[in-house]
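Encoded as C-alpha coordinates, the structure appears first; notes follow it.
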Amino acid sequence: MTATTPAGVTRLLIADDQTLLRDGLQTILNMEDDFEVIKVVSNGVEACEAVESLRPNLVLMDIKMPQMDGIEAMKRIKRDYPGTIVLMLTTFAEDKYIVESMAGGADGFLLKDMPGDRIVEVVRDAAKGHIMLPAAIAAKLAARLSSFVPAGTDAFDERELKQQGLTLTERERRISMLMLEGYSNKQIAGSLFMSEGTARNYISIIYNKIGTSDRQKAIALLKELMLKDAT
(Lines give C-alpha, C1' and ligand atoms only; values in the text may rest on other atoms or scores of the structure.)
Protein backbone atom coordinates (compact mmCIF):
# COMPACT_ATOMS: atom_id res chain seq x y z
CA MET A 1 0.00 0.00 0.00
CA THR A 2 1.43 3.37 -0.98
CA ALA A 3 1.35 6.38 1.33
CA THR A 4 -1.13 8.15 -0.95
CA THR A 5 -3.66 5.32 -1.06
CA PRO A 6 -6.19 5.31 1.79
CA ALA A 7 -6.61 2.15 3.85
CA GLY A 8 -9.29 -0.17 2.52
CA VAL A 9 -8.90 0.97 -1.10
CA THR A 10 -8.20 -1.72 -3.72
CA ARG A 11 -5.33 -0.71 -5.99
CA LEU A 12 -5.98 -1.80 -9.58
CA LEU A 13 -3.89 -2.38 -12.69
CA ILE A 14 -5.61 -2.63 -16.09
CA ALA A 15 -3.84 -4.43 -18.96
CA ASP A 16 -5.52 -4.26 -22.37
CA ASP A 17 -4.29 -3.28 -25.82
CA GLN A 18 -7.55 -1.45 -26.67
CA THR A 19 -7.28 2.18 -25.58
CA LEU A 20 -11.03 2.76 -25.50
CA LEU A 21 -11.63 -0.22 -23.23
CA ARG A 22 -8.76 0.68 -20.90
CA ASP A 23 -10.00 4.24 -20.55
CA GLY A 24 -13.59 3.11 -20.05
CA LEU A 25 -12.69 0.66 -17.31
CA GLN A 26 -10.46 3.21 -15.64
CA THR A 27 -13.26 5.79 -15.61
CA ILE A 28 -15.86 3.33 -14.27
CA LEU A 29 -13.65 1.97 -11.51
CA ASN A 30 -12.15 5.28 -10.41
CA MET A 31 -15.67 6.56 -9.72
CA GLU A 32 -15.86 4.13 -6.78
CA ASP A 33 -14.48 5.25 -3.42
CA ASP A 34 -12.96 1.83 -2.68
CA PHE A 35 -11.04 1.53 -5.98
CA GLU A 36 -7.96 3.28 -7.35
CA VAL A 37 -6.61 2.50 -10.82
CA ILE A 38 -2.89 3.06 -10.32
CA LYS A 39 -1.79 2.25 -13.89
CA VAL A 40 -3.02 1.12 -17.32
CA VAL A 41 -0.77 -0.84 -19.71
CA SER A 42 -1.14 -2.30 -23.20
CA ASN A 43 0.67 -5.67 -23.11
CA GLY A 44 1.73 -8.52 -20.86
CA VAL A 45 5.34 -7.40 -20.52
CA GLU A 46 4.26 -4.01 -19.19
CA ALA A 47 1.77 -5.72 -16.88
CA CYS A 48 4.47 -7.87 -15.27
CA GLU A 49 6.76 -4.86 -14.88
CA ALA A 50 3.97 -2.77 -13.34
CA VAL A 51 3.07 -5.49 -10.84
CA GLU A 52 6.71 -5.74 -9.79
CA SER A 53 7.11 -1.99 -9.29
CA LEU A 54 3.67 -0.96 -8.04
CA ARG A 55 2.29 -4.10 -6.33
CA PRO A 56 -1.42 -3.64 -7.13
CA ASN A 57 -3.98 -5.67 -5.21
CA LEU A 58 -5.85 -6.71 -8.34
CA VAL A 59 -5.08 -6.91 -12.07
CA LEU A 60 -7.61 -6.87 -14.91
CA MET A 61 -5.79 -8.78 -17.65
CA ASP A 62 -6.84 -9.01 -21.29
CA ILE A 63 -6.25 -12.49 -22.72
CA LYS A 64 -5.01 -11.50 -26.19
CA MET A 65 -2.28 -8.82 -26.22
CA PRO A 66 0.93 -8.17 -28.18
CA GLN A 67 4.47 -8.98 -26.98
CA MET A 68 3.21 -11.26 -24.19
CA ASP A 69 -0.35 -12.52 -24.01
CA GLY A 70 -2.45 -12.16 -20.90
CA ILE A 71 -2.36 -15.85 -19.93
CA GLU A 72 1.44 -15.96 -19.87
CA ALA A 73 1.58 -12.66 -17.98
CA MET A 74 -0.98 -13.94 -15.46
CA LYS A 75 1.03 -17.12 -14.88
CA ARG A 76 4.19 -15.11 -14.20
CA ILE A 77 2.39 -12.76 -11.84
CA LYS A 78 0.76 -15.62 -9.91
CA ARG A 79 4.13 -17.36 -9.69
CA ASP A 80 6.06 -14.33 -8.44
CA TYR A 81 3.28 -12.53 -6.54
CA PRO A 82 0.72 -15.21 -5.60
CA GLY A 83 -1.25 -12.80 -3.42
CA THR A 84 -2.12 -10.63 -6.43
CA ILE A 85 -5.66 -11.22 -7.69
CA VAL A 86 -5.89 -11.55 -11.48
CA LEU A 87 -9.17 -11.39 -13.42
CA MET A 88 -9.00 -12.26 -17.12
CA LEU A 89 -10.75 -9.83 -19.47
CA THR A 90 -12.49 -11.46 -22.42
CA THR A 91 -15.24 -10.94 -24.98
CA PHE A 92 -15.59 -14.66 -25.66
CA ALA A 93 -15.75 -17.98 -23.84
CA GLU A 94 -13.40 -20.24 -25.78
CA ASP A 95 -12.69 -23.51 -23.99
CA LYS A 96 -8.92 -23.55 -24.41
CA TYR A 97 -8.48 -20.09 -22.90
CA ILE A 98 -10.80 -20.85 -19.98
CA VAL A 99 -9.02 -24.06 -18.99
CA GLU A 100 -5.52 -22.66 -19.48
CA SER A 101 -6.35 -19.53 -17.48
CA MET A 102 -7.90 -21.40 -14.55
CA ALA A 103 -5.16 -24.03 -14.53
CA GLY A 104 -2.59 -21.22 -14.47
CA GLY A 105 -4.12 -19.69 -11.36
CA ALA A 106 -6.49 -16.99 -12.63
CA ASP A 107 -9.02 -15.81 -10.04
CA GLY A 108 -11.84 -15.56 -12.56
CA PHE A 109 -13.12 -13.79 -15.66
CA LEU A 110 -14.65 -10.42 -16.46
CA LEU A 111 -16.69 -10.18 -19.66
CA LYS A 112 -15.96 -6.93 -21.48
CA ASP A 113 -19.56 -6.43 -22.53
CA MET A 114 -20.89 -6.39 -18.96
CA PRO A 115 -22.74 -3.24 -17.87
CA GLY A 116 -20.74 -0.83 -15.73
CA ASP A 117 -22.50 -1.60 -12.45
CA ARG A 118 -21.94 -5.33 -12.94
CA ILE A 119 -18.24 -4.76 -13.68
CA VAL A 120 -17.91 -2.89 -10.40
CA GLU A 121 -19.71 -5.69 -8.56
CA VAL A 122 -17.51 -8.42 -10.06
CA VAL A 123 -14.26 -6.57 -9.32
CA ARG A 124 -15.40 -5.84 -5.77
CA ASP A 125 -16.28 -9.50 -5.15
CA ALA A 126 -12.95 -10.61 -6.64
CA ALA A 127 -11.11 -8.23 -4.31
CA LYS A 128 -12.79 -10.06 -1.41
CA GLY A 129 -11.32 -13.35 -2.60
CA HIS A 130 -14.31 -14.78 -4.48
CA ILE A 131 -13.70 -16.72 -7.68
CA MET A 132 -15.57 -14.95 -10.50
CA LEU A 133 -17.05 -17.22 -13.16
CA PRO A 134 -19.85 -15.78 -15.32
CA ALA A 135 -22.49 -18.43 -16.02
CA ALA A 136 -21.50 -18.91 -19.67
CA ILE A 137 -17.86 -19.44 -18.74
CA ALA A 138 -18.67 -21.74 -15.81
CA ALA A 139 -20.68 -23.97 -18.14
CA LYS A 140 -17.88 -24.06 -20.71
CA LEU A 141 -15.30 -24.84 -18.02
CA ALA A 142 -17.33 -27.67 -16.55
CA ALA A 143 -17.93 -29.23 -19.97
CA ARG A 144 -14.28 -28.93 -20.94
CA LEU A 145 -12.91 -30.40 -17.70
CA SER A 146 -15.39 -33.27 -17.54
CA SER A 147 -14.45 -34.32 -21.08
CA PHE A 148 -10.99 -35.37 -19.91
CA VAL A 149 -12.30 -37.98 -17.46
CA PRO A 150 -15.22 -40.28 -18.34
CA ALA A 151 -18.27 -39.88 -16.10
CA GLY A 152 -18.46 -42.56 -13.40
CA THR A 153 -14.74 -43.33 -13.50
CA ASP A 154 -13.50 -44.30 -10.03
CA ALA A 155 -9.87 -43.43 -10.69
CA PHE A 156 -7.96 -41.14 -13.00
CA ASP A 157 -4.62 -40.90 -14.73
CA GLU A 158 -2.87 -38.04 -12.96
CA ARG A 159 -0.19 -37.94 -15.64
CA GLU A 160 -2.83 -37.26 -18.29
CA LEU A 161 -4.34 -34.48 -16.19
CA LYS A 162 -0.93 -32.86 -15.83
CA GLN A 163 -0.38 -33.03 -19.59
CA GLN A 164 -3.67 -31.15 -20.00
CA GLY A 165 -2.64 -28.54 -17.40
CA LEU A 166 -5.34 -29.69 -14.97
CA THR A 167 -3.45 -30.16 -11.73
CA LEU A 168 -5.01 -28.46 -8.73
CA THR A 169 -4.35 -24.76 -8.23
CA GLU A 170 -3.17 -23.56 -4.83
CA ARG A 171 -6.67 -22.45 -3.84
CA GLU A 172 -8.15 -25.76 -4.96
CA ARG A 173 -5.53 -27.57 -2.89
CA ARG A 174 -6.52 -25.60 0.19
CA ILE A 175 -10.17 -26.46 -0.34
CA SER A 176 -9.26 -30.08 -1.02
CA MET A 177 -7.35 -30.30 2.26
CA LEU A 178 -10.37 -28.96 4.13
CA MET A 179 -12.57 -31.53 2.38
CA LEU A 180 -10.14 -34.24 3.49
CA GLU A 181 -10.50 -32.95 7.05
CA GLY A 182 -14.26 -33.38 6.83
CA TYR A 183 -15.27 -29.71 6.51
CA SER A 184 -18.72 -28.96 5.09
CA ASN A 185 -19.15 -26.44 2.25
CA LYS A 186 -20.27 -23.83 4.79
CA GLN A 187 -17.25 -24.50 7.02
CA ILE A 188 -14.90 -24.30 4.03
CA ALA A 189 -16.42 -20.96 3.03
CA GLY A 190 -16.02 -19.58 6.53
CA SER A 191 -12.43 -20.79 6.87
CA LEU A 192 -11.37 -19.19 3.58
CA PHE A 193 -13.47 -16.00 3.94
CA MET A 194 -15.56 -16.62 0.84
CA SER A 195 -19.27 -17.08 0.20
CA GLU A 196 -20.76 -20.57 0.36
CA GLY A 197 -21.68 -20.24 -3.32
CA THR A 198 -18.03 -19.54 -4.19
CA ALA A 199 -16.94 -22.58 -2.19
CA ARG A 200 -19.46 -24.71 -4.09
CA ASN A 201 -18.11 -23.40 -7.41
CA TYR A 202 -14.57 -24.43 -6.45
CA ILE A 203 -15.72 -27.85 -5.27
CA SER A 204 -17.65 -28.38 -8.52
CA ILE A 205 -14.49 -27.60 -10.49
CA ILE A 206 -12.53 -30.08 -8.35
CA TYR A 207 -15.22 -32.71 -8.92
CA ASN A 208 -15.10 -32.16 -12.68
CA LYS A 209 -11.32 -32.41 -12.73
CA ILE A 210 -11.30 -35.81 -11.08
CA GLY A 211 -14.42 -37.18 -12.75
CA THR A 212 -16.92 -37.75 -9.96
CA SER A 213 -19.75 -35.88 -8.29
CA ASP A 214 -19.78 -38.15 -5.22
CA ARG A 215 -18.12 -36.47 -2.24
CA GLN A 216 -16.76 -39.67 -0.68
CA LYS A 217 -15.28 -40.83 -3.98
CA ALA A 218 -13.84 -37.34 -4.48
CA ILE A 219 -12.17 -37.45 -1.05
CA ALA A 220 -10.67 -40.87 -1.80
CA LEU A 221 -9.33 -39.65 -5.14
CA LEU A 222 -7.97 -36.47 -3.57
CA LYS A 223 -6.04 -38.54 -1.05
CA GLU A 224 -4.53 -40.48 -3.94
CA LEU A 225 -3.64 -37.26 -5.75
CA MET A 226 -2.00 -35.75 -2.65
CA LEU A 227 0.05 -38.90 -2.13
CA LYS A 228 1.20 -38.93 -5.76
CA ASP A 229 2.12 -35.25 -5.70
CA ALA A 230 4.14 -35.81 -2.52
CA THR A 231 6.32 -38.50 -4.17
| message | Suppose the filter is part of a loop (DSSP other than H, G, I, E, B) and either outside the structural domain of Ala103 (by TED's automatic domain parsing) or free of Cβ contacts under 8 Å to residues at least 60 places away in the same chain (or both); does Met65 pass it? | response | yes
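Among the residues of region 31-47, are any touching a residue at least 24 places away in the same chain (Cβ under 8 Å), surrounded by fewer than 13 Cβ atoms within 10 Å (Cβ to Cβ) and of a type outside the set (A, V, I, L, M)?
Here is the first cut: in region 31-47, the ones touching a residue at least 24 places away in the same chain (Cβ under 8 Å) are 32-47.
Narrowing the set further to residues that are surrounded by fewer than 13 Cβ atoms within 10 Å (Cβ to Cβ) leaves 33.
Right, trim to of a type outside the set (A, V, I, L, M) and you get 33.
Within region 31-47, one or more residues are touching a residue at least 24 places away in the same chain (Cβ under 8 Å), surrounded by fewer than 13 Cβ atoms within 10 Å (Cβ to Cβ) and of a type outside the set (A, V, I, L, M).
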| said: Of everything in region 178-214, what is under 22 Å from Ala127 (Cα atoms) and part of a loop (DSSP other than H, G, I, E, B)? Give them in sequence order. | reply: Leu192, Phe193, Met194, Ser195
| query | Tell me, which residue of region 80-96 that is in contact with a helix residue (DSSP H, G or I) (Cβ under 9 Å, 6 or more places away or on another chain) and surrounded by fewer than 21 Cβ atoms within 10 Å (Cβ to Cβ) is modelled with the lowest pLDDT? | reply | Ala93
| field | In region 178-196, residue surrounded by the most Cβ atoms within 10 Å (Cβ to Cβ) [restricted to those that are within 19 Å of Gln216 (Cα to Cα) and in contact (Cβ under 8 Å) with a residue 24 or more places away in the chain] | value | Met179
| query | Considering Lys228, Lys217, which residue is touching an Asp or Glu at 6+ places or on another chain (Cβ under 7 Å) and at pLDDT 70 or above? | reply | Lys217
| task | Exactly one condition in (1) in contact with a Lys or Arg (Cβ under 8 Å, 6 or more places away or on another chain); (2) under 17 Å from Leu25 (Cβ atoms); (3) modelled with pLDDT of 90 or more is not met by Cys48; state its number. | result | (2)
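Considering Thr153, Thr167, which residue is at pLDDT below 75, surrounded by fewer than 17 Cβ atoms within 10 Å (Cβ to Cβ), among the hydroxyl-bearing types (Ser, Thr, Tyr) and over 18 Å from the mean Cα position of the chain (by Cα)? Give the derivation first.
Numbers: Thr167 fails: over 18 Å from the mean Cα position of the chain (by Cα).
Of Thr153, Thr167, the one residue that is at pLDDT below 75, surrounded by fewer than 17 Cβ atoms within 10 Å (Cβ to Cβ), among the hydroxyl-bearing types (Ser, Thr, Tyr) and over 18 Å from the mean Cα position of the chain (by Cα) is Thr153.
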| note | Listed by first then second residue, the pairs whose first member lies in region 118-131 and is closer than 20 Å to Gly190 by Cβ and touching a residue at least 12 places away in the same chain (Cβ under 8 Å), whose partner is surrounded by 20 or more Cβ atoms within 10 Å (Cβ to Cβ) and small (Gly, Ala, Ser), with beta carbons under 8 Å and at least 6 positions apart or on separate chains, are Ala126/Gly108; His130/Gly108; Ile131/Gly108
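The values are calculated or read from the model by the stated rules, or taken from the named source; none is laboratory data. All values derive from a computational prediction rather than experimental measurement. Here the Cβ is made from the backbone with ideal geometry for all residues, glycine too, and neighbour counts use every protein chain on show.
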